[in-house]
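Visitor: My questions all concern the structure below.
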Amino acid sequence: MTYGRGGRRGATRGRAQRWAVAAVLPLGALAWAAPAIAQTTPGSDSQPEADTTPHQLDKVTVSGAAESAALDTPSATASRLGLTPRETPAAIEILSAQTLEQRGLRGTVDALSAAPGVLAGQLPSSPGMTSMRGFSGGAISLLYDGVRQTAAPLVTRDFDGWSFERIEVLKGPASVLYGEGALAGAINLVPKRPDYDARATSFLLGWGSFGSQRYAVDANLPLDPDFALRLVASHRRSDGYVDDTASRATSASLSARWRPSDAVEVDLALDHYEDDYDTAYWGTPLVPRAIARDPSDLVDSRNGHVIDRALRDRNYNVADGIQTATSDWLRTRVSWQLRDGLRLVNEASYYDAQRRWLNSETYTYDAASGLLRRGITRIEHEHRYWVERASLLSDGTFAGRRNRASLGVEFSDGDFRVPRRFGSTGAVDPYAPQRGLFPVGDTALNFPGAGNRVDFDSTTRTASVFAEDAWSLTPRWLLLAGLRYDRIELQRSVRDYNTGAVTRFARDYDPFSWRLGSVFDLRPNTQLYVQYSAAVAPVGSLPLLSLANSRFDLTHGRAVDLGLKSSFWGDRIDLTLGGYWIEQDDIITRDPANASLAIQGGRQSSRGVELSVSAALTRALTVEASVAALNARFDELREAGGVDRAGNTPPNVPERLANLYASYRFDAVPLRLSAGLRHVGAFYTNNANSIRVEAHTVFDASLAYTLPFGEIALHGRNLGDAFYADWSGGAADQLVIGAPRSLELTLKVNL
């Protein structure tokens, strides 16, 4: 098959050059506007002058309030103004590298599932899908070092936690910061960065159940007082807890930090990631209770089908299934202190990825034959994306009070090409599957019917301008405002090889997002906050937008957040209590007068409360607890045939989540004992709410012994051997069953 990429790549390079020139021009405008924005008054009596010299953030951990000062360490995810979580009118969860190591959280799926109020699932097509505040998938933005990755569900992987300094989770609409697709929040993976001060090298070795192995290295090399390098690399492999599902994942990052003068700092990094799954596990199908050999109560379905425990280890994918991904991410950041209280930051990055799936992904029980009918899917991604963002940051005074402000521009260009093939392959016995091979060739015989053998090709270009301001109206009252305007240009072509049809279309969007918030100090370490925000999200993934959906506008969301953040008992306890309401309008529904006609006009909403507590009860004992309760529903939704789904809960949204974690460090011996419970409430797998997955609770524990040169630890996961599901699989009647009881032994060596 020939795609004729040469001419198109030349066109893409031409666009990149034009956009690069366009990106430079606003820098001059920003510099020209600097005096007006700054209004800096050194030596003002009302507020001490802020230190805006670029510096590396301290490590943050949520494993003890007194130790971590989590509420008082600036977070780059919720604002570009250097605000701390205490100053931010939104809920922010921070997981540090230390937290990930102590709890034995190997990848981002483990880490995000440990974050209060978040559920992360191992959906094979996008490992690391998340559900938060009643929304999932494309409603949650994925950031890498603060830079938004376009179409988060397409690029999500289960990255190794060793690579990151911390993971920050911002809850609530974030379109004012990151554009479309951040309706329910944003997840920021913050990589480790070079440190000028200390030469240090760490190694991690791990061995565990199901043939799991883990190897990692982290080397920080200060070569000069003003220049440092850092190499971070890891490799994980496992035989899998389902038949023939071995996997491998490798990541590596090389970064440099240079301070050519007291006013300028330059960061440069190259990240590489790849994973390879052998005949990936796409979920366990439901079967009639009458044929189940060991029926479970995991599922309550209207048709009486169940999950059979006897099928826990079965794999129904074709024997030569493929699931691979490779990506490279080049990042640059230049910070220039123009003068006291005024800084210019320019960030540019380029992302290049290839992904490939050749699998049987869906399995449906056929009552007539007693076999599982199987679908086959071939999908390949060529994904390239670059982004340029420039921000002018001011920390000065306005009307005699401290005022922090930012003004910026952002340009991005994404090129996404996808061959997609859909068909069917031989049915299999659910208890003795003869899995067969993926069909050879790329003909209409293998993938018959219109729409089953197509190539998608799309470009998405975005130009944005944004502004943010935090003004101390009084010493105890902070006001925050932000706005963002995006100009999005989408061009798409679809070639159907079965019909010979070629469809091309273009669509422009001009969304405007904003937020208003306030934080009031009841006392120095107790703050009340409130925020109203407006956000946007596409009706689907923009790079994969269909011709039918191209006529629809972006959906619109609005949200209210309010709550309290407090540190007390000598700052040994941090508490965050919040409530929220989110509503999304203009989702796709059916015309009440004509059920065959899809229109915009549907609505879904979510409201809930969240409580997080982190306490250093003694020098030896720390405890963390969280609970999230929500009511998520479709307020207005009609589907095919005019079926009314109003009042139903969106899929993969548990309405109760709770965590409890405790760690005790003995004085007599260098030993730390940790244990944790995670409870996930019941959820549904489809809009009809015809399949209900029951709640589950998982118990983990670890024992760590400190050595003169490092630490040896034993981590136990799902020690109660709970039989549970954490996400729906390739279809609504397939569930991804969680891993059974497992152990892992790790050795960390510090040099």
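Visitor: What about ARG572, is it more than 28 Å from the chain's Cα centre (by Cα), buried (at least 17 other Cβ atoms within 10 Å of the Cβ) and closer than 19 Å to LEU522 by Cα?
Guide: On the way: more than 28 Å from the chain's Cα centre (by Cα): yes; buried (at least 17 other Cβ atoms within 10 Å of the Cβ): yes; closer than 19 Å to LEU522 by Cα: yes.
When the stated conditions are applied, ARG572 passes them.
Visitor: crowded, with 18+ Cβ neighbours inside 10 Å and in contact (Cβ under 8 Å) with a residue 24 or more places away in the chain, is that true of ASN689? So that I can check it myself, show each step before the final result.
Guide: Numbers: crowded, with 18+ Cβ neighbours inside 10 Å: no; in contact (Cβ under 8 Å) with a residue 24 or more places away in the chain: yes.
Considered against the rule, which asks whether it is crowded, with 18+ Cβ neighbours inside 10 Å and in contact (Cβ under 8 Å) with a residue 24 or more places away in the chain, ASN689 comes out as no.
Visitor: Please determine, by comparing only the residues of the stretch 525-553 that are part of a loop (DSSP other than H, G, I, E, B) and at pLDDT 90 or above, which one is nearest to the chain's Cα centre (by Cα).
Guide: Of everything passing the filter in the stretch 525-553, ASP553 is nearest to the chain's Cα centre (by Cα).
Visitor: Do we find that LEU437 is part of a strand (DSSP E or B) and not small (Gly, Ala, Ser) in this structure?
Guide: No; evaluated as a whole, the condition is false for this residue.
Visitor: Right, another one. Does ARG314 satisfy the condition of being closer than 30 Å to ARG193 by Cβ, in contact (Cβ under 8 Å) with a residue 60 or more places away in the chain and either basic (Lys, Arg) or in contact with a Gly (Cβ under 9 Å, 6 or more places away or on another chain) (or both)? Step through it out loud before you land on a result.
Guide: Details: closer than 30 Å to ARG193 by Cβ: no; in contact (Cβ under 8 Å) with a residue 60 or more places away in the chain: yes; either basic (Lys, Arg) or in contact with a Gly (Cβ under 9 Å, 6 or more places away or on another chain) (or both): yes.
Criteria not met by ARG314.
Visitor: Related question: Which condition from (1) surrounded by fewer than 23 Cβ atoms within 10 Å (Cβ to Cβ); (2) touching a helix residue (DSSP H, G or I) at 6+ places or on another chain (Cβ under 9 Å); (3) at pLDDT 85 or above is the one that SER125 breaks?
Guide: Of (1) surrounded by fewer than 23 Cβ atoms within 10 Å (Cβ to Cβ); (2) touching a helix residue (DSSP H, G or I) at 6+ places or on another chain (Cβ under 9 Å); (3) at pLDDT 85 or above, only one is false for SER125: (3).
Visitor: Inside the stretch 605-625, can you point out the residues that are of a type in the set (A, V, I, L, M) and either touching a His at 6+ places or on another chain (Cβ under 8 Å) or part of a strand (DSSP E or B) (or both)?
Guide: Result: VAL609, LEU611, VAL613, ALA615, ALA616, LEU621, VAL623, ALA625.
Visitor: Could you say which residue among ASN346, ASN317, ASN303 is surrounded by fewer than 18 Cβ atoms within 10 Å (Cβ to Cβ) and either part of a strand (DSSP E or B) or among the polar types (S, T, N, Q) (or both)?
Guide: Details: ASN346 fails: surrounded by fewer than 18 Cβ atoms within 10 Å (Cβ to Cβ); ASN317 fails: surrounded by fewer than 18 Cβ atoms within 10 Å (Cβ to Cβ).
Answer to the check: ASN303.
Visitor: Looking at the stretch 205-223, can you tell me whether even one residue there is part of a strand (DSSP E or B), at negative phi and aromatic (Phe, Trp, Tyr)?
Guide: Taking the stretch 205-223 first, the residues part of a strand (DSSP E or B) are 205-208, 212-223.
Restricting the remaining residues to those that are at negative phi gives 205-208, 212-223.
Filter again for aromatic (Phe, Trp, Tyr), leaving 207, 215.
Within the stretch 205-223 (the criterion being part of a strand (DSSP E or B), at negative phi and aromatic (Phe, Trp, Tyr)), the answer is yes, since at least one residue qualifies.
Visitor: Considering only residues of the stretch 411-462 that are small (Gly, Ala, Ser) and touching a residue at least 60 places away in the same chain (Cβ under 8 Å), which is nearest to LEU392 (Cα to Cα)?
Guide: Top of the filtered list is SER412.
Visitor: So which residues in the stretch 609-633 are under 29 Å from ASN549 (Cβ atoms) and out of contact with any Pro (no Cβ under 7 Å at 6 or more places or on another chain)?
Guide: Correct list: LEU630, ASN631, ARG633.
Visitor: For the stretch 662-678, indicate whether the set of residues that are crowded, with 16+ Cβ neighbours inside 10 Å, within 30 Å of SER606 (Cα to Cα) and touching a Pro at 6+ places or on another chain (Cβ under 7 Å) is non-empty.
Guide: Looking through the stretch 662-678, none of the residues is crowded, with 16+ Cβ neighbours inside 10 Å, within 30 Å of SER606 (Cα to Cα) and touching a Pro at 6+ places or on another chain (Cβ under 7 Å).
Visitor: Residues being farther than 15 Å from GLY181 by Cβ and either modelled with pLDDT under 90 or not aliphatic (A, V, I, L, M) (or both): count how many of those fall in the stretch 554-565.
Guide: 4
Visitor: Oh, and also: So which residues in the stretch 151-203 are farther than 24 Å from THR332 by Cβ, in contact with a Ser or Thr (Cβ under 7 Å, 6 or more places away or on another chain) and either in a helix (DSSP H, G or I) or of a type in the set (Asp, Glu) (or both)?
Guide: Across the stretch 151-203, the qualifying residues are PRO153, ASP158, GLY161, SER175, VAL176.
The values are calculated or read from the model by the stated rules, or taken from the named source; none is laboratory data. Here the structure is a predicted model, which means the values were calculated and not measured. Counting neighbours? That spans all protein chains shown, and the Cβs are built from the backbone with ideal geometry, glycine included.
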